[in-house]
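The values are calculated or read from the model by the stated rules, or taken from the named source; none is laboratory data. Keep in mind the model is a prediction, meaning the values are calculated, not measured. A quick note on method: Cβ atoms are made from the backbone with ideal geometry, for glycine too, and the neighbour counts reach across all protein chains shown. Accessible surface areas use protein heavy atoms only, side chains included; no ligands, DNA or RNA. Shrake-Rupley method; radii C 1.70, N 1.55, O 1.52, S 1.80 Å.
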Amino acid sequence: MDKQRIDVLDHGFVRLIDVMGTDDSVVQAARVSYGDGTKTVNTDRNLIRYLMRHEHTTPFEMCEVKFHIKLPIFVMRQLIRHRTASVNEYSGRYSVMSNEFYTPETFEKQSKTNAQGRSESLDNIKGKLQFGFKRIHGEAYKQYEEFLDEDLARESARGLLPVSNYTEAYWKCNMKNFLHMIRLRADSHAQWEIQEYANAMYDLVKPKFPIICEAFEDYHQNAINLSSNEAKLTKAMLGDFFDMWNDWITEWFEINDVSPESVKEAEGLLCKKFNLGKRELQEFKTKFEHI
């Protein structure tokens, strides 16, 4: 069993072919003026998290991932939108196209509120819909083969085939742009099929870059962004909390003393409880100051 491969959809897969760099590569790039610059594991982790948090992205470009992917053409068209990747795709000009096509397992109605989304299930007519997909796939490929037998150029004959036809590609990207792709394509608003590929790719990459991926999840994938008006509303709702930080934090940890030493001790406990660095906690305390 290939541990670097995950099967996706009915005939597809993603396979992690090669990786350049590690978490340490980001640290070394960020500390280039200090030579190799490696310090303690915890210090290196804090640096990676700082870079991710403040979007200092260049050091993440020092790492790369390369995949072999098999996917429907319409999914490939979504992936190719990420133009920062290097891609070499199977060519229907030089080779005969695959006779494999994607047939969905589930079906939903077109959403009436989202032009690019789905709504309630159509699985009550699943058999009819799948039959229609497979009939068109079979007829299209049969005609494709007949045109090839008549010596029609492959580059012209391929125009018959639906975008559900499977293709293959090698896809290489640096970590900065890979994570940007994941942020968009693994999002719940993306088409389900591309989500499946993005999640599979991320699952293969995460063990290779655990600290980078932890920071990505904390500051991007599982984080929320507020508009200026939303931030003002939040500050209005929590204004007393920010004005009375010391009182609140001592009450939270049931500390009777509000001296600077006690507050500092309580803040240390707060960092441990919520997995925050001391610098990160300080940044949190100042986020609403200029609103």
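Numerical summary
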read-out: Residue count for segment 97-113, restricted to those that are open to solvent by less than 70 Å² (accessible area, probe 1.4 Å), within 25 Å of His11 (Cβ to Cβ) and assigned to a loop (DSSP other than H, G, I, E, B); value: 8
read-out: Checklist (1) within 27 Å of Phe60 (Cα to Cα); (2) part of a loop (DSSP other than H, G, I, E, B) applied to Glu283, failing item; value: (2)
read-out: Hits in segment 125-174 - residues which are closer than 30 Å to Val65 by Cβ and free of Cβ contacts under 8 Å to residues at least 12 places away in the same chain; value: none
read-out: Given (1) more than 19 Å from Lys66 (Cα to Cα); (2) over 21 Å from the mean Cα position of the chain (by Cα); (3) outside any helix (DSSP H, G or I), number of the condition Gln116 does not satisfy; value: (2)
read-out: Those residues of segment 204-236 which are over 28 Å from Thr43 (Cβ atoms) and among the acidic types (Asp, Glu), in sequence order; value: Glu230
read-out: Residue check, Glu193 surrounded by 12 or more Cβ atoms within 10 Å (Cβ to Cβ), farther than 17 Å from Arg77 by Cα and acidic (Asp, Glu); value: no
read-out: Selection from segment 20-43 of residues that are modelled with pLDDT of 90 or more, part of a helix (DSSP H, G or I) and either of a type outside the set (Ser, Thr, Tyr) or open to solvent by 50 Å² or more (accessible area, probe 1.4 Å) (or both); value: Asp23, Asp24, Val26, Val27, Gln28, Ala29, Ala30
read-out: Hits in segment 56-72 (condition: open to solvent by less than 30 Å² (accessible area, probe 1.4 Å) and either part of a helix (DSSP H, G or I) or β-branched (Val, Ile, Thr) (or both)); value: Pro59, Phe60, Val65, Ile69
read-out: Members of segment 76-85 that are within 17 Å of Phe178 (Cβ to Cβ) and either open to solvent by 60 Å² or more (accessible area, probe 1.4 Å) or of a type outside the set (Gly, Ala, Ser) (or both); value: Met76, Gln78, Leu79, Ile80, Arg81, His82, Arg83, Thr84
read-out: Residue match in segment 126-142 (condition: within 29 Å of Ile6 (Cβ to Cβ) and under 19 Å from the mean Cα position of the chain (by Cα)); value: no
read-out: Residue, nearest to Ile249 (Cα to Cα), within segment 259-287, restricted to residues that are among the basic types (Lys, Arg) and open to solvent by 100 Å² or more (accessible area, probe 1.4 Å); value: Lys264
read-out: Positions within segment 196-219 being open to solvent by less than 30 Å² (accessible area, probe 1.4 Å) and in contact (Cβ under 8 Å) with a residue 40 or more places away in the chain, in sequence order; value: Tyr197, Ala200, Met201, Leu204, Val205, Phe209, Ile212, Ala215, Phe216
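Quick grid of which residues meet (1) part of a helix (DSSP H, G or I); (2) over 15 Å from the mean Cα position of the chain (by Cα); (3) at pLDDT 95 or above; (4) of a type in the set (D, E, K, R):
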| residue | (1), (2), (3), (4) |
| --- | --- |
| Ala198 | yes, no, yes, no |
| Leu226 | no, yes, no, no |
| Leu238 | yes, yes, no, no |
| Ile255 | no, yes, no, no |
